[in-house]
1. Can you name the residue in segment 53-104 that is among the hydroxyl-bearing types (Ser, Thr, Tyr) and modelled with pLDDT of 90 or more and is also farthest from residue 21 (Cα to Cα) among such residues?
2. List the residue pairs whose Cβ atoms are under 7 Å apart, where the first residue sits in segment 10-35 and is not assigned by TED's automatic domain parsing to the domain that holds residue 52, the second is assigned to a loop (DSSP other than H, G, I, E, B) and not aliphatic (A, V, I, L, M), and the two are 6 or more positions apart or on different chains.
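The values are calculated or read from the model by the stated rules, or taken from the named source; none is laboratory data. Keep in mind the model is a prediction, meaning the values are calculated, not measured. Because the Cβ atoms are built from the backbone with ideal geometry, glycine has one as well, and the counts that use them run over all protein chains shown.
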Amino acid sequence: MTRPEHPFDAPWQAQAFALTLALHEQGLFTWGEWTAALSDALGADAQDGAMYYQCWVFALERLIDQKTGTTEAQRANLAHAWRRAAQATPHGEPIKLENDPEASLICQ
């Protein structure tokens, strides 16, 4: 059996894969919980595989929410804060959440 030379179509897919493994290794969820979450997310999309990694990320988000008590709205707010922080960070500098110009508004 030959292995594909590039198992991922984009870097974000490899990052999602690595993040899932790291969270599992840290004990956030069992492998059985992960496979059930991924299977639920794939549903009918498993037929052609075109949405496989989008389903992967969706499953990971839902599983993290279940395990940590976060909500989709909290994740969305955090994603917006990271985007604003990235835009406010000078090129070449590390992106830090405290660089979000609206951070003081969020914390109040």
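1. At the first step, the residues of segment 53-104 found to be among the hydroxyl-bearing types (Ser, Thr, Tyr) are 53, 68, 70-71, 89, 104.
Right, trim to modelled with pLDDT of 90 or more and you get 53, 68, 70-71, 89.
Details: 53: 14, 68: 17, 70: 20, 71: 22, 89: 29 Å.
Among those residues, the one meeting the criterion is 89.
2. Pairs that qualify, where the first residue is not assigned by TED's automatic domain parsing to the domain that holds residue 52 and the partner is assigned to a loop (DSSP other than H, G, I, E, B) and not aliphatic (A, V, I, L, M): there are none.
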